[in-house]
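Novice: Mind looking over this structure? Questions follow.
The values are calculated or read from the model by the stated rules, or taken from the named source; none is laboratory data. The structure displayed is predicted, hence computed values, not measured ones. Don't worry about glycine lacking a Cβ; one is built from the backbone with ideal geometry, like all the others, and counts go over all protein chains shown.
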Amino acid sequence: MAELQQLQEFEIPTGREALRGNHSALLRVADYCEDNYAQATDKRKALEETMAFTTQALASVAYQVGNLAGNTLRMLDLQAVALRQVEARVSTLGQKLGNSQLNLLIFVAVSVLGLAAPSDEVLPEGKALSFSDFYPA
């Protein structure tokens with residue numbers, strides 16, 4: 001659960017902020033490259049510099065997107081595991097509740113039919129009957 005909390009409260013928000021920061025940085029790089037190209041006497045060199053900046057900036061964005069996607073998938077996996085655990089607990093509780101209700105119904109039915117004797121009552125064979133004799137747990 002600590003890993004899930006770390007992802008939700010730190011890793012994913014930090015990754016999103018880094019992407020927002022990269023958005024601003026990309027806009028500044030684009031402005032710089034545009035101005036540099038417009039003022040350059042050697043257009044070929046300015047174009048190569050623009051391509052280098054663009055490649056580096058896009059690689060950084062791709063890396064950050066990959067990290068954020070990986071963290072998001074990990075968070076979803078952890079949430080799915082937690083959900084399956086809760087589902088199993090609810091199912092177990094439902095089964096226990098269902099068995100308890102079924103046990104109560106059987107006990108009442110057996111009592112109404114007069115088939116069960118109190119557990120302290122001894123039958124002629126010398127055996128005391130109880131509810132568990134009719135419905136083992």
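Novice: Considering every residue within region 91-106, establish whether at least one is at pLDDT 90 or above and over 30 Å from E9 (Cβ atoms).
Specialist: The answer is no, given that none of the residues of region 91-106 is at pLDDT 90 or above and over 30 Å from E9 (Cβ atoms).
Novice: On the basis of being more than 30 Å from A2 (Cβ to Cβ), modelled with pLDDT of 90 or more and among the hydrophobic types (A, V, I, L, M, F, W, C), does A69 make the cut?
Specialist: Values: more than 30 Å from A2 (Cβ to Cβ): no; modelled with pLDDT of 90 or more: yes; among the hydrophobic types (A, V, I, L, M, F, W, C): yes.
Spelling it out, it is not the case that A69 is more than 30 Å from A2 (Cβ to Cβ), modelled with pLDDT of 90 or more and among the hydrophobic types (A, V, I, L, M, F, W, C).
Novice: Continuing with the same structure: Is it the case that A59 is surrounded by fewer than 11 Cβ atoms within 10 Å (Cβ to Cβ), within 39 Å of the chain's Cα centre (by Cα) and either assigned to a helix (DSSP H, G or I) or of a type outside the set (S, T, Y) (or both)?
Specialist: Yes, satisfied.
Novice: Going by the conditions given, is E87 surrounded by 10 or more Cβ atoms within 10 Å (Cβ to Cβ), part of a helix (DSSP H, G or I) and modelled with pLDDT of 90 or more?
Specialist: Spelling it out, it is not the case that E87 is surrounded by 10 or more Cβ atoms within 10 Å (Cβ to Cβ), part of a helix (DSSP H, G or I) and modelled with pLDDT of 90 or more.
Novice: Just name the residue that is nearest to the chain's Cα centre (by Cα) out of those in region 30-42 that are of a type outside the set (S, T, N, Q) and surrounded by 11 or more Cβ atoms within 10 Å (Cβ to Cβ).
Specialist: Step by step, filter region 30-42, then rank; the result is A30.
Novice: Looking at (1) charged (D, E, K, R); (2) surrounded by 14 or more Cβ atoms within 10 Å (Cβ to Cβ); (3) free of Cβ contacts under 8 Å to residues at least 60 places away in the same chain, which is the one condition that is false for E11?
Specialist: Among (1) charged (D, E, K, R); (2) surrounded by 14 or more Cβ atoms within 10 Å (Cβ to Cβ); (3) free of Cβ contacts under 8 Å to residues at least 60 places away in the same chain, E11 violates only (3).
Novice: Please give the number of the condition A59 fails out of (1) at positive phi; (2) at pLDDT 75 or above.
Specialist: In the conditions (1) at positive phi; (2) at pLDDT 75 or above, A59 misses (1) alone.
Novice: Considering only region 49-75, state which residues are polar (S, T, N, Q) and in contact (Cβ under 8 Å) with a residue 40 or more places away in the chain.
Specialist: Q64, N67, N71, T72
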